[in-house]
Amino acid sequence: MQRLWSADDSSAFRPLFLVLLIMINTSGCVTSAISPKWPDKQFDRVVGYQFVNPPGIGSPFLDGKDAPSFKQLSQLKRKEAELSAADTEQLFKAMFSDEPPPKIFFACYEPHHIFVFYSGEKAVAAFEVCFLCSSSGAWPGQPAASNPSFKKLAGLCLSLGLGTDVPDDQEEVTKRYDRDHPVEDE
């Protein structure tokens, strides 16, 4: 039996991706033809943030809840930038890239960057990035056909002044957290 594709052949996914790119979003929810109907709610602005991440949490925002809370964002954010329409288009191009996924994976998932999509003052979607392990998370749900280009995401974060690094005071936050939350001996 002839194999039509192998897991090592990233070109096998290109036809599917091209079909998704060609799809026209008829719901009016997204202003980008790149994004196949994600997010599913209308938004009028996108803000990118660099934030400190309390240790041992993974994501302080997208922890698998149906409706994440962004109340801590004002305390945890270190940098922020509102995206222009062109920046938002670049974000979608980075989220739905046709580049092959990274070949090296680490399992830390300690994100320090998030893009929050707002309708008025209400958050309706978010896309979170961990540059330490080249992973991402999203709410609501991981977008279909999402294949983030971490190179493009890094370029966007740098151009917005968000950087790609861990915030300067992350170590201080970790020490404070460890002091305030001692581990009990068993």
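The values are calculated or read from the model by the stated rules, or taken from the named source; none is laboratory data. Remember, predicted model here, so these are calculated numbers, not experimental data. With ideal geometry, Cβ positions are generated from the backbone for all residues, glycine too; neighbour counts draw on all protein chains shown.
Worth pointing out:
- Any hit, the stretch 15-35, residues being at pLDDT 80 or above and under 18 Å from the mean Cα position of the chain (by Cα): no
- Subset of the stretch 76-99 (residues that are in a strand (DSSP E or B), over 18 Å from Pro111 (Cβ atoms) and touching a residue at least 60 places away in the same chain (Cβ under 8 Å)): Phe96
- Long-range neighbours under 6 Å by Cβ, at least six apart or interchain, first residue on the phi < 0 side of the Ramachandran plot within the stretch 136-157, second in a loop (DSSP other than H, G, I, E, B) and charged (D, E, K, R): Ser149/Glu99
- From the options Ser135, Ser119, Ser84, residue that is surrounded by 17 or more Cβ atoms within 10 Å (Cβ to Cβ) and of a type in the set (S, T, N, Q): Ser135
- The test for being crowded, with 16+ Cβ neighbours inside 10 Å, over 20 Å from Gln42 (Cβ atoms) and touching a Phe, Trp or Tyr at 6+ places or on another chain (Cβ under 9 Å) holds for Pro167.
- Matching option when the condition is of a type in the set (Phe, Trp, Tyr) and in contact with a Phe, Trp or Tyr (Cβ under 9 Å, 6 or more places away or on another chain), among Tyr109, Tyr118: Tyr118
Residue-wise test of (1) among the aromatic types (Phe, Trp, Tyr); (2) within 15 Å of Ala81 (Cα to Cα); (3) part of a helix (DSSP H, G or I).
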site: Cys108; (1), (2), (3): no, no, no
site: Phe115; (1), (2), (3): yes, yes, no
site: Ala126; (1), (2), (3): no, yes, no
site: Gly141; (1), (2), (3): no, no, no
site: Ala145; (1), (2), (3): no, no, no
site: Gly163; (1), (2), (3): no, yes, no
site: Arg176; (1), (2), (3): no, no, yes
site: Arg179; (1), (2), (3): no, no, yes
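- Of the residues making up the stretch 39-78, those that are closer than 22 Å to Asp169 by Cα and more than 16 Å from the chain's Cα centre (by Cα) are Pro54, Pro55, Gly56, Ile57, Lys71, Gln72, Ser74, Gln75, Leu76, Arg78.
- Those residues of the stretch 148-161 which are in a helix (DSSP H, G or I) and more than 24 Å from Ile57 (Cβ to Cβ), in sequence order: Lys151, Lys152, Gly155, Leu156, Leu158, Ser159
- Check on Leu160, within 18 Å of Phe43 (Cα to Cα), aliphatic (A, V, I, L, M) and modelled with pLDDT of 95 or more: no
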